[in-house]
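Notes to accompany the following structure.
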Amino acid sequence: MYTAAILFGQALLIPAMAYALSRFKFRGRDALFFVVIMLMLLPFQVTMVPNVITLRAMGLLDTIWAIILPMTVAILPTCFAPFYIFLVRQFMVGLPKEILEAAEVDGAGTFRCFIHVVLPVCQPILGAAVALSFADCWNLVEQPLTYLTTHTELYPLSVVFNQLTQQSTGVEFAGAALYTLPALLIYLYFQNDILEGVQLTELK
């Protein structure tokens, strides 16, 4: 549930924010992009304390939204998946302007250019971002242990799975195989997008 909700929110917001940072010129754009880069370099251990304080002030601590919202939208000053914004934005910067200009000549507005031109062209890098983000969300450990201190029943599978290792049976081996299966299938499905997206990003 956590992974699906986070990926859905990121799919709505990250491409739009990356498009705005790469396409439009507005006051504070460079400063905002610099903030994205700085947040990308900060590890979770550095941002953990301000995140907990902010979530407690918003009344979201010990709820499922404490896991979903910080990784989806910029409600906190120290999260919202800046790496994927940077990745998609860098790809969009290298898109030929002639493509967008041709769409505008045909009467397409900003929204239609984004939906019908930019997103299809950016399919490889978006697929790579989805696969990488799925791996991050599927393997969440530190965030649930920090934000869900009293409601252990809300722990995701990545945390609950550690309890199986305390048993001296073969259950942990079967659980490990089933746990890695979704990530493996996602990687196989987006394998071509990952390779093509990385290669195109290097060329740009």
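The values are calculated or read from the model by the stated rules, or taken from the named source; none is laboratory data. None of the values given here were measured: they were computed from a predicted structure. Cβ placement follows ideal geometry from the backbone for every residue including glycine, while neighbour counts extend to all protein chains displayed. Side chains are part of the model used for accessible areas, which takes the heavy atoms of the whole protein and leaves out ligands, DNA and RNA. Shrake-Rupley method; radii C 1.70, N 1.55, O 1.52, S 1.80 Å.
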(request) State the three equivalent ellipsoid semi-axes of the chain, derived from the C-alpha gyration tensor as the square roots of 5 times its eigenvalues, in descending order and whole Å. (result) 34, 22, 13
(request) Multiply the residue gap between residue 46 and residue 196 by 0.36 nm, knock off their C-alpha separation, and tell me the result in nm, one decimal place. (result) 50.7 nm
(message) Given an 8 Å cut-off on Cα distances and at least 6 residues of separation, report the relative contact order of the chain as a percent.
(response) 27 percent
(request) Could you state the angle between the C-alpha long axis of helix 191-203 and the longest principal axis of the C-alpha atoms of the chain, as a value from 0 to 90 degrees rounded to the nearest 10? (result) 50 degrees
(request) Lys and Arg at +1, Asp and Glu at -1: add these up for the other residues within a Cβ distance under 14 Å of residue 48 and post the number. (result) 0
(request) At 7 Å along the Cα-to-beta-carbon direction for both residue 105 and residue 93, put a label point, then send me their distance in nm to one decimal. (result) 2.7 nm
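Counting other Cβ atoms within 10 Å, keep those with at most 15, restrict to DSSP loop, and tell me which trypsin sites (Lys or Arg not before Pro) in the range 1-101 are left.
Numbers: sites: 23, 25, 27, 29, 56, 89, 97; in loops: 25, 27.
Loop-located and lightly packed - 25, 27.
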(request) May I ask which residue of 122, 32, 192 lies farthest towards the positive end of the charge dipole of the chain, with charges of +1 (Lys, Arg) and -1 (Asp, Glu) on Cβ and the Cα centre as origin? (result) 32
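What order do 118, 105, 130 take when sorted by accessible area (1.4 Å probe), most exposed first? Spell out each step's value before the answer.
Numbers: 118 0, 105 125, 130 60 Å².
Most to least solvent-accessible, the answer reads 105, 130, 118.
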